[in-house]
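*Asks:* What follows is a structure written as structure tokens; I'll ask about it next.
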Amino acid sequence: MKKIGVITGGGDSPGINAAIRAIVKRANLDGIDILGFKDGWAGLIKNDWQELGLKEVSGVLPSGGTLLGSSRTNPFKTEEGVSKVKETYKKNGLDALIAIGGDDTLGVAHKLKDYGIKAVGIPQTIDNDLAETEFAIGFDSALARVTEAIDGLHTTAYSHHRVMVVEVMGRDSGWIGLFGGLAGGADIILVPEEPYTIKEIKKRIEERRAKGKNFSIVVISEGAKPIELDQQITKGTEADEFGHVRLSGIGHYLADQLREILNMDVRVTRLAYLQRGGQATPFDRLLATRFGVLAAELCINGDFDEMTALKASKVVPVELEKVLSKSPKPIDKKLLDLRKIFY
């Protein structure tokens with residue numbers, strides 16, 4: 001093992017740079033060179049890279065985003081994309097590749113094994129919807145942002161007797177919505193796993209008002225579905241190279257419904273990309289560091305088509321095929337039932 005390539009794909013999150021730093025530092029112990037390919041799989045298609053040494057990763061531990069840049073480029077949907085990736089891989093003398101991202105990015109890494117590319121994956125998604133790992137890089141940091149936002153919205157909600165609808169990310173799984181809502185003391189939490197009815201929400205808000213609580217906080221995942229529509233609210237119909245349509249608007253849709261049936265002021269806060277921004281939490285920095293070291297060691301030991309995972313506080317490798325066959329990972333029913341205790 002002499003040279004390893006690294007890419008970061010999909011949506012960014014705090015903690016990616018900590019993982020890159022860990023890969024470089026661990027590889028350096030064995031004299032292995034690291035090439036960082038820019039903007040996800042696009043970097044391998046274009047042969048656009050930079051050397052990553054100790055100097056390049058100095059000071060990046062707390063910084064959010066990704067120093068390599070990211071994109072949603074899919075080599076399998078790009079003309080001659082796979083052949084160009086193979087060419088870049090061979091031209092630069094790579095012995096292995098480490099892909100940091102969600103199921104789309106890791107899915108490409110898994111497919112490329114059939115084309116002679118040896119890869120290891122690191123789970124990185126604020127949605128925390130990758131199977132076979134308790135947490136992915138970025139989730140804890142996003143959770144901290146959501147919780148802080150809900151804490152802030154409580155004060156204006158009770159001061160002005162309002163219903164505050166908070167729209168958070170979560171396309172297919174409601175991990176951010178559930179955990180953020182529970183941590184922030186939300187009164188209603190709506191997630192993709194369970195379609196909701198407007199009657200249930202009205203009943204809950206009226207029950208609170210009957211007890212003298214003239215305000216409510218409603219947290220809703222962007223992928224939540226109202227029963228009457230039985231579909232997600234999208235912004236346009238154009239899909240990215242992985243087939244995903246942009247989700248947006250469920251918060252405003254719900255607020256419009258509530259205004260029609262409640263004699264209360266209803267406001268919407270869409271946290272959007274604020275959930276991805278800022279510095280990584282200590283947990284994410286440590287998780288990313290452990291994942292980065294293990295990923296480098298898997299490459300050194302010749303263990304490919306694996307993903308680093310957190311299980312029972314231990315960092316272990318799991319087969320990418322197993323991960324992808326079970327993703328996106330839904331919230332466990334017992335966790336969903338926690339909402340009922342606090343409603």
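Nothing in this text is a laboratory measurement; each read-out follows from the coordinates by a stated rule. The structure displayed is predicted, hence computed values, not measured ones. Methodologically, a virtual Cβ is constructed for each residue, glycine included, from the backbone with ideal geometry; neighbour enumeration extends over all protein chains shown.
*Asks:* To the nearest 10 degrees, how steeply does helix 139-160 sit against the main Cα axis of the chain, on a 0 to 90 scale?
*Replies:* Between the helix axis and the principal axis of the chain, the angle is about 20 degrees.
*Asks:* So, R0 is 56 Å and r is the distance between the beta-carbons of Leu54 and Arg209; what FRET efficiency does that work out to, to 0.05?
*Replies:* Numbers: r = 60 Å, r/R0 = 1.07.
Calculated value: 0.40.
*Asks:* Suppose we keep just the DSSP beta bridges with both residues in the stretch 139-276; what percent of those would be antiparallel, to 5? The partial results should precede the final answer.
*Replies:* Working: 2 of 18 bridges.
Close to 10 percent.
*Asks:* Hey, another quick one. Whats the longest run of the chain with zero trypsin sites (Lys or Arg not before Pro) that are DSSP loop and have at most 16 other Cβ atoms within 10 Å?
*Replies:* 56-210
*Asks:* What FRET efficiency, computed as 1/(1 + (r/R0)^6) with R0 = 56 Å and r the Cβ-Cβ distance, is obtained for Lys90 and Asp337, rounded to the nearest 0.05? Let's see the in-between values first.
*Replies:* Values: r = 52 Å, r/R0 = 0.93.
E(calc), rounded to 0.05, equals 0.60.
*Asks:* Counting only the backbone N, which residues of the stretch 260-295 are under 20 Å from the spot 7 Å out from the Cα of His161 toward its beta-carbon?
*Replies:* Counting only backbone N, you get 260-268.
*Asks:* Another question, if that's okay. When only DSSP loop residues count, what GluC sites (Glu not before Pro) in the stretch 1-94 have their Cβ near at most 11 other Cβ atoms within 10 Å? Don't skip to the end; give the middle numbers.
*Replies:* Numbers: sites: Glu51, Glu56, Glu79, Glu80, Glu87; in loops: Glu56, Glu79, Glu80.
Filter output for the stretch 1-94: Glu79, Glu80.
*Asks:* For the chain, divide the Cα radius of gyration by the Kirkwood radius and give the resulting Rg/Rh value with two decimals.
*Replies:* Details: Rg = 21.4 Å, Rh = 20.9 Å.
Rounded to two decimals, Rg over Rh is 1.03.
*Asks:* Could you run the Karplus curve 6.51 cos²θ - 1.76 cosθ + 1.60 with θ = phi - 60° over the stretch 273-280 and give me ³J(HN,Hα) per residue in whole Hz, x for Gly and Pro?
*Replies:* In residue order, the calculated couplings are 6, 4, 5, 8, x, x, 6, 6 Hz.
*Asks:* Write down the percent of antiparallel bridges among all DSSP beta bridges whose residues are both part of the chain, to the nearest 5. Could you put the intermediate results ahead of the total?
*Replies:* Details: 11 of 44 bridges.
If I count the DSSP bridges inside the chain, around 25 percent turn out antiparallel.
*Asks:* Continuing with this model, one more query. In degrees from 0 to 90, rounded to the nearest 10, what is the angle of the helix 250-261 Cα long axis to the longest principal axis of the chain?
*Replies:* The answer is roughly 0 degrees.
*Asks:* Let's test the formula: R0 of 45 Å, r as the Cβ-Cβ distance of Glu260 and Lys322. What FRET efficiency results, to the nearest 0.05? If you can, show how the numbers build up before the last one.
*Replies:* Details: r = 46 Å, r/R0 = 1.03.
Efficiency for this residue pair is about 0.45.
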